[in-house]
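In what follows, a single structure is set out as structure tokens and then discussed.
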């Protein structure tokens, strides 16, 4: 009895799906109304939609970092001077000299040379994130792992087997 119910359900579902697919083109037709300017209503709609899309695209371009704060520029310049990529005194201005020095540094590392500094370059210059004010910064204990000799033999064998390494 269960087999008949499932096949009946499938038949009903198939019928409903095919009826929906056949009815969709009837709902998708549009009528064009002439406007007083001689253009159809749908072409006016397309024109206004194009304007809205262009406005959204213009607004989209403003995302992301647009400038570097002067304090941060000074830090970057000091690091570039330390690494011998910049010879001028740090002044907090992201000028063409600083930009060229940063691009040269990134190029020498084999990284991209876009206009904004790459995060890898900033980290390598010692300007990465500062975690000294994190909640566990002072209480966190980052010690070396225990020596292998202190791990029980059967546990070490399990690690070696799991890593497929011969002891």
Stretchable slack from residue 127 to residue 91, in nm (0.36 nm times residue separation minus alpha-carbon distance): 11.2 nm
Enclosed volume per residue, in Å³, of the convex hull spanned by Cα atoms of segment 70-124: 69
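Taking the Cβ of each residue in 131, 105, 85 as the centre, tally the other Cβ atoms inside 10 Å and list the residues starting with the fewest. Show your work: numbers first, answer last.
On the way: 131 10, 105 23, 85 19.
Ascending Cβ contact count within 10 Å gives the list 131, 85, 105.
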Estimated distance in nm for a label pair at residue 67 and residue 161, the labels positioned 7 Å out from Cα along Cα-to-Cβ: 6.4
Relative contact order (percent, whole number), segment 70-124, Cα cutoff 8 Å, 6+ residue spacing: 27
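Since every read-out is calculated from the coordinates, none of them should be taken as a lab result. Given the structure is predicted, the values throughout are model-derived calculations rather than measurements. For neighbour counting, all protein chains shown are included, and Cβ atoms are generated from backbone atoms with ideal geometry for every residue, glycine included.
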